Each structure stands twice: as C-alpha cells, then as structure tokens.
Amino acid sequence: MPGHTRAGAHTHTVMSSLLREEMQRVLFRPAKQRLVEFIEIEEPSHGRHFLCASVAKNKEVQLCIVHCQMSVPLKSASKRSFTKRSCIQECYQRTEIWSLKDLTLIDGRNPDVDDPCFLLHFDEVRTVTAISCSAKYAIVRALVALSDRYCQRSLNLRNFDWPYIKPTSFYSNKGDCAVLSQICFYAINLVCLSMCHVPLDG
C-alpha cells in the first residue's frame, strides 16, 4: 500500500535522525567532531554496526566503525536514579578509526550487480558490507565530497556506477528536462499550425 510505504519511509527517516543525534551527542561532540554521514553495516559480532564519516575542528576527516551494543542501565549510588549517560557511553563504541587522507582506493567490486559490499584500501584492506546498495552509494558520495573539500584531492574509485556517484546536471534534472522538451514540442507544433494555409470551401 502506498500509504504504508510512505509511513514506513517517514518512520525510517525519523529513526535515522534520532540515531544521528544520539551518536553526535555521545561520541562525536565530546571529541569536537561533527558527524557528517553514516550507514549501517553488517558485521559478524552481535549488536548494530555503523560506518561513520566525521570532520574535526582542525578539518581532519575521519572514518570509523561504531559498535552499538545494547545493555541494561547501570544503577547509580542512589537507588532511585539511573546513570543513563554511562549506559549510553557503553552502548556506542568506536572500534576502528582511519583518516580519510590515508584512504587510497574504494573498490565497489562489481557495478553491474546489486552488491552492497565494498573495499576500503588503507595500509590494509577493510571489507565493508552495507545493509543495502543505496547505503553503499550514499557513504561513497559523502566521502567523495569530503575528500574534494577537505583533502583537496579526488578520491580514487573503482568498479562503481559513476552517474550514481557524481550525477551530471542533465542526469540529476532529467525530470525538468523532459518537461521543457514537451513544452518546446507543443510550441513548435503551434507555430507550424499557425503558418499552414487552410483551404476554404468554395
């Protein structure tokens, strides 16, 4: 049902926004960083995992794996209250951190199939499996933009469908172009009709 689809998409957007705010508050703000983009990824260990891209005050861009392990809130000295802050800090932990300037290549493996897996080439190669192909392309687009802006270099990509990484103006506005084409077509027809001489019946 279209209504259920829109409701589901709205719920996903709200949950994603709340998750972003919580990770920003718990992990990135204390480190004086701004969370720019994140996607959920699949990892063998329990809990939820995210690949995050952040920018520090000194303009350094970092990538990190965040592990979210839900746990029972810890009781504080007062039995009537809970140290929720301590609980949240235990839930979200950065397990791996890299600098974007050390990323030499992102390999999408195969652009002709729906493959959510990609390879990050640092000193060692880190295999990442996104929860979807759209998530994979979302994080890569963010990394390309961050590299252009903060590292002043083009990110080296391999095996990606390039129009989905950096769409051209025509590709991104193809709907507007189609409408304009139709308007021009109708206008030309009207001009042609106005120039035609219609014979009158004698």
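Residue by residue through segment 107-131, note down the ones that are of a type in the set (Asp, Glu) and open to solvent by 80 Å² or more (accessible area, probe 1.4 Å).
Going residue by residue through segment 107-131, those that are of a type in the set (Asp, Glu) are 107, 112, 114-115, 123-124.
Those that are of a type in the set (Asp, Glu) and open to solvent by 80 Å² or more (accessible area, probe 1.4 Å): Asp112, Asp114, Asp123, Glu124.
Residue by residue, here is whether (1) farther than 22 Å from Leu63 by Cβ; (2) touching a Pro at 6+ places or on another chain (Cβ under 7 Å); (3) modelled with pLDDT under 95; (4) open to solvent by less than 90 Å² (accessible area, probe 1.4 Å) holds:
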{"position": "Met1", "(1), (2), (3), (4)": "yes, no, yes, no"}
{"position": "His4", "(1), (2), (3), (4)": "yes, no, yes, no"}
{"position": "Val14", "(1), (2), (3), (4)": "yes, no, yes, yes"}
{"position": "Glu40", "(1), (2), (3), (4)": "no, no, no, yes"}
{"position": "Glu43", "(1), (2), (3), (4)": "no, no, no, yes"}
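Please find, within segment 17-37, the residue that is surrounded by the most Cβ atoms within 10 Å (Cβ to Cβ) out of those that are part of a helix (DSSP H, G or I) and among the acidic types (Asp, Glu). If you could, list the steps in order and put the result at the bottom.
If we filter segment 17-37 for residues that are part of a helix (DSSP H, G or I), which is where we start, we get 17-28.
Subset that is among the acidic types (Asp, Glu): 21-22.
On the way: Glu21: 11, Glu22: 14.
Per the stated criteria, the residue is Glu22.
Looking at this structure, is Ser78 in contact with a helix residue (DSSP H, G or I) (Cβ under 9 Å, 6 or more places away or on another chain), of a type in the set (S, T, N, Q), modelled with pLDDT under 90 and in a loop (DSSP other than H, G, I, E, B)? Taking the combined requirement at face value, the residue does not satisfy it.
The values are calculated or read from the model by the stated rules, or taken from the named source; none is laboratory data. Keep in mind that what you see is a predicted model, and the values were worked out from it rather than measured. In this analysis, Cβ positions are derived from the backbone assuming ideal geometry, glycine residues included, and neighbour counts consider all displayed protein chains. Side chains included, ligands, DNA and RNA excluded: accessible areas come from the protein's heavy atoms. Shrake-Rupley method; radii C 1.70, N 1.55, O 1.52, S 1.80 Å.
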